[in-house]
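J.: Take a look at the following structure, please.
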Amino acid sequence: MPPAQQRHPTMADVAERAGVSTSTVSRTLRGLSTVSPEVRARVEKAARELEFAVSRQAASLVTGRTGTVAVMVPTLNSWFMGSALSSLAPLLRAAGLQLNVYEIPDLAERTSFFEHLPARRNADALLVFSFDLTDEETARLDDLGMPVIYVSQHVEGRPSVYADDVVGALHGTRHLLNLGHRRIAFVLTEGASGFTFSSNERLLGYQQALTEAGVPLDDDLVVSTRVGSKRAAAESLGTLLSLREPPTAVFAEQDEVAVALVWNLRKTQIAVPERVSVLGFDDQPLADWFDLSTVAQSPSEMGRLAGDLALKLIDDSDGDHERHIVLPTHVIPRGTTAPVAATTVATASATAPATTAATAPATTAATAPGTTAVTAPATTAATRPADQPAGPAGAAGSTSSAGSASSEGSARE
């Protein structure tokens, strides 16, 4: 006589042992936030003791949910994406949900995704990370019938979680302005798939800061380069240093670009920050290693908050589907930014005779707001023709080894 098959424990068995209803067991095992921590602990303990395991497929048939959150990204080869997903995955796992990532790096993958919309059948929510969508594509996602949360971008009328790139760039540019810089360049990143929103917002913040300070916008000071290319960074830098009035500070859209600029400047014997200040954006780990001044954001916090918002909208279909969560940014001054005045004084005093200040005409200081005769030796102006502008010493377009004669220095932020 064959041995009797062992009966597998059921949800009712778990409910009886935990002293709760089967519906409470169901809510607990689905990770819903409506279950108190004390009840959740009792149910999970009872399930472990009975070796109860719920079938994801069976649960899906009962609840209409898949137990999966989908993520749509333009690339996985990114510090930002890695940081965001590393905080999102544990959050979902703790809620009993799986993470399904759709990487869409090119046009073919993009066309296929929007043609078939695989997430429609395989997820309870979709997180769209840093993806530049057309109006038609956004409308397609609206028709998925599930919460769609946009991350690192602001989409009007849809739930979004993003850093305030405009304010971050505005504060970063103010930092350079407060150090006395007026010729401030901005280096955009080209070819960074999916990051156009942040790029445009950061450029806007840079322009707003200059405008509020009364500094005219100069299109020649805005250039672009590719991430990870020393040659591209050198070409962009060459363009800036060949200007009639080269910049005394450079604000790079990303830390990786800023580090490449610093490397190229120092390679050409232009000291950072003594001759040219450099500021990045992101505060990646490499920024700390290279002592790079930067504007910090937190993609890990962004991923966590996006996941938390997704869980809330999954549990409550009537929740706020237009909620925006805006994360702050912070200026982190390090060793690649310095006041213009300190640079000018240190350079000029090393090359000018001690009697220079005494023989300098009174009109020398008047040629630059905030400049005094002490900080603008007469030899500097005398060795530069009247129509020759000041610029970083050693840079193309500068004829004085002493550097710029003008300074508008103020205290470091």
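J.: So for the range 113-267, averaging the separation of alpha carbon pairs under 8 Å that are six or more residues apart and normalising by length, what relative contact order in percent results?
T.: 22
J.: What does the charge dipole of the range 148-268 about its Cα centre add up to, to the nearest 20 debye, if the Cβ of each Lys and Arg holds +1 and the Cβ of each Asp and Glu holds -1?
T.: Roughly 460 debye, rounded to the nearest 20.
J.: Classify the range 67-132: rounded, prolate or oblate, from the alpha-carbon gyration tensor (a ≥ b ≥ c, eigenvalue square roots; a/c under 1.5 rounded; otherwise prolate if a/b is larger than b/c)?
T.: Oblate is the answer for the range 67-132, as a/c is 1.5 or above yet b/c matches or exceeds a/b.
J.: Using the alpha-carbon centroid of each, what span in Å lies between the range 131-172 and the range 105-129?
T.: 16
J.: Separate question: May I ask for the equivalent-ellipsoid semi-axes of the range 147-206, computed as the square root of five times each C-alpha gyration tensor eigenvalue and listed largest first in whole Å? Let's see the in-between values first.
T.: Numbers: eigenvalues 146, 36, 9 Å².
Rounded to whole Å, the semi-axes are 27, 13, 7.
J.: Now for a different question. What net charge is computed for the residues neighbouring PRO90, neighbours being all others with C-beta under 13 Å from the C-beta of PRO90, Lys and Arg scored +1, Asp and Glu -1?
T.: Working: positive: ARG93, ARG304; negative: ASP308.
Computed value for this residue: +1.
J.: From the P(r) of the range 263-342, could you give the percentage of C-alpha pairs in the tail past 21 Å?
T.: For the range 263-342, the share of Cα pairs beyond 21 Å comes to 49 percent.
J.: Continuing with this model, one more query. To the nearest 0.05, what FRET efficiency results for ALA12 and ASP135 with a Förster distance of 41 Å applied to their C-beta separation? Write down the numbers at each step before the final one.
T.: On the way: r = 50 Å, r/R0 = 1.22.
So, using R0 = 41 Å, E works out to roughly 0.25.
J.: Using a 1.4 angstrom probe on the protein heavy atoms only, line up ASP165, ASP218, ASP143 by accessible area, largest first.
T.: Descending order: ASP143, ASP218, ASP165.
J.: A follow-up question, please. At 7 Å along Cα-to-Cβ for each site, give me the label-to-label distance between LEU50 and THR75 in nm.
T.: The two pseudo-label positions are separated by 5.0 nm.
J.: Any idea of ASP320's accessible area? Nearest 10 Å², probe 1.4 Å.
T.: 90
J.: Here's another thing I want to ask about it. For LYS267, what accessible surface area do you get with a 1.4 Å probe? Give it in Å², rounded to 10.
T.: Surface accessible to solvent at LYS267 totals approximately 130 Å².
J.: Along the Cα→Cβ direction, 7 angstrom out, place labels at SER86 and ARG226. What is the inter-label distance in nm?
T.: Placing both labels 7 Å along Cα→Cβ, they lie 2.7 nm apart.
J.: Hey, which lysines would be in cross-link range of LYS267, C-alpha to C-alpha under 23 Å, not counting anything within fewer than 8 residues on its own chain?
T.: Hits, sequence-local ones excluded: LYS230.
J.: Go through TRP263, TRP289 and list them by solvent-accessible area, largest first, probe radius 1.4 Å.
T.: TRP289, TRP263
J.: Also: Which distance in nm do the two modelled labels at LEU217 and HIS330 give, with both placed 7 Å along the Cα-to-Cβ direction?
T.: So the label points at LEU217 and HIS330 sit 3.1 nm apart.
J.: Moving on. Are there GluC sites (Glu not before Pro) in the range 108-204 that DSSP puts in a loop and that have at most 11 other Cβ atoms within 10 Å, and which ones?
T.: Sites meeting the loop and neighbour criteria: GLU156.
The values are calculated or read from the model by the stated rules, or taken from the named source; none is laboratory data. Because the structure is a prediction, the values reported are computed rather than measured. So basically every Cβ, Gly included, is an ideal-geometry build from the backbone, and we count neighbours across all protein chains shown. Ligands, DNA and RNA are excluded from the accessible area calculation, which covers all protein heavy atoms including side chains. Shrake-Rupley method; radii C 1.70, N 1.55, O 1.52, S 1.80 Å.
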